[in-house]
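Peer 1: One structure, pasted below without further comment.
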Amino acid sequence: MSEQKYNRWLILVAAIITNICIGTLYAWSVFSLPLGKVFGWPATAIALAFTINHALSPVAMIGGGYIQDRLGSKANVIIGGIMFSVGLFITGFVSSVEMLYFTYSVLAGIGGGVVYAGTLGNTVKFFPDKRGLASGLVAAGYGSGATIVAPIASSMIISVGVLTTFKILGVVFFVVIFLCSLIIKKAPPGFKPEGWTPPVAVTASQPAASDLTWTQMLRDKIWWVVLVMLTCGAMSGLMITAFASPIGQQMFKLTPMDAALFVSLVAISNALGRVVFGYISDKIGRSSTIMVMYVISALAMLNLAFTDSVAGFAVSGIGVGAVFGGFMSTMPSIISERYGLKNFGVNYGITFIGFSLAAIFGPMTAATVRVSTGNYEQAFWIALGLNVLGLLFALLFRALDKRGSQIRVVKAGTM
């Protein structure tokens, strides 16, 4: 197919805008306190809404991946977009915390995951020449959604109340996502940008990946190495990013307002890291980029353990945020290159279980450390250990990867 029939850059922009909308799910902290004030629900009950959202991520990603692989990204955006926007809208009518779990955590949460799985999978297929950069841009849209929407939502909550804000956002996002769905098209099989052919060096050392099913992927021992790398990278990042504000206030004596600025700084670094590390991985390779990320994150954790300055805290926050974002852009490229594009949606959805495990156990570990020791210092050392472990697995990944893609595909397909 000729690129002349597909404006892939316009499709990419539509995917980014769509993901900014669903990225609102990560602005939960903006809504939680106002909801508590309206209904008098305990903070733990409200926080569970976000936990359930994370726990359902594999379901959303695998289901969304299946839709994307079979029907194409437009179906994901339409189906998931309706679920997401309707979920937000009817959250404006909740009267019990159980209803909140259904509308926000289940309906909107799964809808957002379905959209993300589709836009990411489609982008990877449209950009075989720039997989890291393109997936990084899509992931950055998702990651920056909270940063962009949070101040708008906060202002709306002050003006019209939290429940009305949910209703308005639901309607607005429905319209925006619908308009984007008109632009998004399904990537044709074997799409190649006009004038582009895979470099000879790449085709010689890394033959085109066979389109493996998820069961074949699970039989490949390297997939388990990739899963550990993702879990370690995401867990170490979440242990810190999830508590950036309390760490700043307790350990660096920041005011709540200043601590909030640091949260925004980490969020911006997260979004930029997705683009920057995705681009770098296209240039120097996935394994080399991941090793660099682990080293940066480890140094950031080490600095956190010893620094007592606000500047030191800021530097570490930027490093941790950027690396965390980097894992969200490099992992899709690895899965698509190793296991093909035909079943990428489901394959990456299953791999995303590593992120879900990290989202559940990372913040929980840091919170436990805080309760038992009175501060977060031991959490920094645990996160440092996770980075060292991840670096070891990255070295193992590189060693196994050098054996040649053709050998790996044959093994995976015949087991």
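The values are calculated or read from the model by the stated rules, or taken from the named source; none is laboratory data. Predicted model only: the values in this text are computed from it and were never measured. Counting neighbours? That spans all protein chains shown, and the Cβs are built from the backbone with ideal geometry, glycine included. For accessibility, only protein heavy atoms count, side chains too; no ligands or nucleic acids. Shrake-Rupley method; radii C 1.70, N 1.55, O 1.52, S 1.80 Å.
Peer 1: Could you give P(r) for segment 59-144, binned at 5 Å from zero, as whole percent values over all Cα-Cα pairs?
Peer 2: Percent of Cα pairs in each bin: 3, 17, 21, 20, 17, 10, 6, 3, 1, 0.
Peer 1: For segment 284-415, state the average projected area of the convex hull of the C-alpha atoms over all orientations, rounded to one decimal in nm². Present the calculation step by step, with values, prior to reporting the outcome.
Peer 2: Values: hull surface 37.7 nm².
Mean projected area of the Cα convex hull: 9.4 nm².
Peer 1: Still on this model: With the dipole of the chain worked out from charges on the C-beta (+1 for Lys and Arg, -1 for Asp and Glu) around the Cα centre, which of GLY325, LEU71, LEU133 lies farthest toward the positive end?
Peer 2: It is LEU71.
Peer 1: Could you give the alpha-carbon Rg of segment 258-298 over 2.2 N^0.38 Å, rounded to two decimals?
Peer 2: Working: Rg = 12.3 Å, N = 41, 2.2 N^0.38 = 9.0 Å.
It is 1.36.
Peer 1: While we're on this one: For LYS283, give me every one of the aspartates and glutamates with a C-alpha distance below 19 angstrom, ignoring sequence neighbours fewer than eight places off in its own chain.
Peer 2: Hits, sequence-local ones excluded: ASP129, GLU337, ASP401.
Peer 1: Which one, LEU10, THR119, GLY109, projects farthest toward the positive side of the charge dipole computed for segment 1-136 from Cβ point charges (K/R +1, D/E -1)?
Peer 2: Projecting each Cα onto the dipole axis, the largest value belongs to LEU10.
Peer 1: Distances over 25 Å make up what percent of all Cα-Cα pairs in segment 162-306? Walk me through the intermediate numbers first.
Peer 2: Numbers: 6048 of 10440 pairs.
When all Cα pairs of segment 162-306 are counted, 58 percent exceed 25 Å.
Peer 1: Can you compute the modelled spin-label distance between THR44 and LYS5, with each label point 7 Å from Cα toward Cβ, in nm?
Peer 2: About 5.9 nm, to one decimal.
Peer 1: Please give the per residue accessible area of segment 337-403, computed with a probe of 1.4 Å over protein heavy atoms only, in Å². The partial results should precede the final answer.
Peer 2: Details: 2880 Å² over 67 residues.
Accessible surface, normalised per residue, equals 43 Å².
Peer 1: Here's another thing I want to ask about it. Show me, bin by bin at 5 Å from 0, the whole-percent P(r) of segment 280-330 based on Cα pairs.
Peer 2: For segment 280-330, the binned pair fractions read 5, 22, 28, 19, 13, 8, 4, 1 percent.
Peer 1: Give me the Debye-computed log₁₀ of I(q)/I(0) at q = 0.14, 0.18, 0.26 Å⁻¹ for segment 317-373, equal point scatterers on Cα only, no solvent, two decimals.
Peer 2: For the requested q values the scattering log ratios are -0.52, -0.74, -1.04.
Peer 1: Follow-up question, since we're still on this one. Pulled fully out, how much extra length does the chain show between THR215 and PHE306, if you take 0.36 nm times their separation in residues and subtract their Cα-Cα distance?
Peer 2: Numbers: separation 91, 0.36 × 91 = 32.76 nm, distance 4.53 nm.
Additional length available on full extension: 28.2 nm.
Peer 1: So what is log10(I(q)/I(0)) for the chain at q = 0.06 1/Å, when the Debye sum runs over its Cα atoms only?
Peer 2: Once normalised to I(0) and log-transformed, intensities are -0.23.
Peer 1: Using the Kyte-Doolittle scale, which helices in the chain average at least 1.0 and also have C-alpha atoms spread 24 Å or more along the helix axis, with helices defined as whole DSSP H runs? Intermediate results must be reported in sequence, preceding the final value.
Peer 2: Working: long enough: 73-91 (26 Å, 1.51); 109-126 (26 Å, 0.72); 131-160 (42 Å, 1.23); 162-183 (32 Å, 2.59); 221-241 (30 Å, 1.63); 256-284 (40 Å, 1.08); 286-306 (31 Å, 1.44); 310-339 (44 Å, 1.02); 353-373 (30 Å, 1.20); 377-401 (36 Å, 1.38).
The qualifying helices are 73-91, 131-160, 162-183, 221-241, 256-284, 286-306, 310-339, 353-373, 377-401.
Peer 1: At a Förster radius of 30 Å, what calculated FRET efficiency corresponds to the Cβ-Cβ distance of LEU396 and LYS37, to the nearest 0.05?
Peer 2: Working: r = 50 Å, r/R0 = 1.67.
That pair, LEU396 with LYS37, gives E of 0.05.
Peer 1: For ILE284 and ALA367, calculate 0.36 nm times their separation in residues minus their Cα-Cα distance, and state this gained length in nm to one decimal. Let's see the in-between values first.
Peer 2: Values: separation 83, 0.36 × 83 = 29.88 nm, distance 3.67 nm.
The span from ILE284 to ALA367 would gain 26.2 nm if fully extended.
Peer 1: Now for a different question. Which value, in Å², gives the accessible area per residue of segment 1-160 when a 1.4 Å probe is used on the protein heavy atoms? Write down the numbers at each step before the final one.
Peer 2: Working: 5870 Å² over 160 residues.
Here the per-residue accessible area is 37 Å².
Peer 1: Here is a further query. Counting each DSSP H run of 4 or more residues in the chain as -39500 (n - 2.57), what helix-only mean residue ellipticity at 222 nm follows after dividing by all residues, to the nearest 500 deg cm²/dmol?
Peer 2: -27000 deg cm²/dmol
Peer 1: Below 8 Å between Cα atoms, with a sequence gap of 6+, how large is the relative contact order for segment 14-172 in percent? Please report the intermediate quantities before stating the final value.
Peer 2: Values: 236 pairs, mean separation 61.7, N = 159.
It comes to 39 percent, rounded to a whole number.
Peer 1: Now a separate question. Run the dipole for segment 203-352 about the Cα centre, Lys and Arg Cβ at +1, Asp and Glu Cβ at -1, nothing else charged, and hand back the magnitude in debye, nearest 20.
Peer 2: On the way: 8 positive and 6 negative charges, 52 e Å.
Roughly 240 debye, rounded to the nearest 20.
Peer 1: Charges only on Cβ, +1 for Lys and Arg, -1 for Asp and Glu: so what's the dipole of the chain about the Cα centre, in debye to the nearest 20? Before the final figure, lay out each step's value.
Peer 2: On the way: 26 positive and 13 negative charges, 193 e Å.
Dipole magnitude for the chain comes out near 920 debye.
Peer 1: Within the set LYS74/LYS221; LYS130/LYS342; LYS130/LYS186, which residue pairs have Cα atoms separated by over 22 Å?
Peer 2: Values: LYS74/LYS221 33 Å; LYS130/LYS342 18 Å; LYS130/LYS186 18 Å.
Over 22 Å apart, Cα to Cα: LYS74/LYS221.
Peer 1: Give the shape of segment 108-199 as rounded, prolate or oblate, defined through the alpha-carbon gyration tensor: a ≥ b ≥ c are the square roots of its eigenvalues, a/c under 1.5 means rounded, and otherwise the shape is prolate if a/b is larger than b/c and oblate if not.
Peer 2: Working: a/c = 3.40, a/b = 2.45, b/c = 1.39.
Cα axes put segment 108-199 in the prolate bin.
Peer 1: Right, something else. How much of the accessible area of the chain, probe 1.4 Å, is carbon plus sulfur, in whole percent? Walk me through the numbers on the way to the answer.
Peer 2: Numbers: 12030 of 16870 Å².
Percent of accessible area from carbon and sulfur atoms in the chain: 71.
Peer 1: Right, something else. Can you give the alpha-carbon Rg of segment 1-112 over 2.2 N^0.38 Å, where N counts its residues? Show your work: numbers first, answer last.
Peer 2: Values: Rg = 16.3 Å, N = 112, 2.2 N^0.38 = 13.2 Å.
Normalised Cα radius of gyration, segment 1-112: 1.23.
Peer 1: Which whole-number value in Å² is the accessible area per residue of segment 197-331, probe 1.4 Å?
Peer 2: Working: 5570 Å² over 135 residues.
Ligands and nucleic acids excluded, the figure is 41 Å² per residue.
Peer 1: Continuing with this model, one more query. Counting only protein chains, not ligands or nucleic acids, how are THR103, THR44 ordered by accessible area (probe 1.4 Å), most first? The partial results should precede the final answer.
Peer 2: Working: THR103 0, THR44 110 Å².
Result of the area sort, largest leading: THR44, THR103.
Peer 1: Something else: Can you give the extra length, in nm with one decimal, that the chain gains between TRP196 and SER155 once fully stretched, where that is 0.36 nm per residue apart less the Cα-Cα distance? Intermediate results must be reported in sequence, preceding the final value.
Peer 2: On the way: separation 41, 0.36 × 41 = 14.76 nm, distance 4.70 nm.
Working it through step by step, the gained length comes to 10.1 nm.
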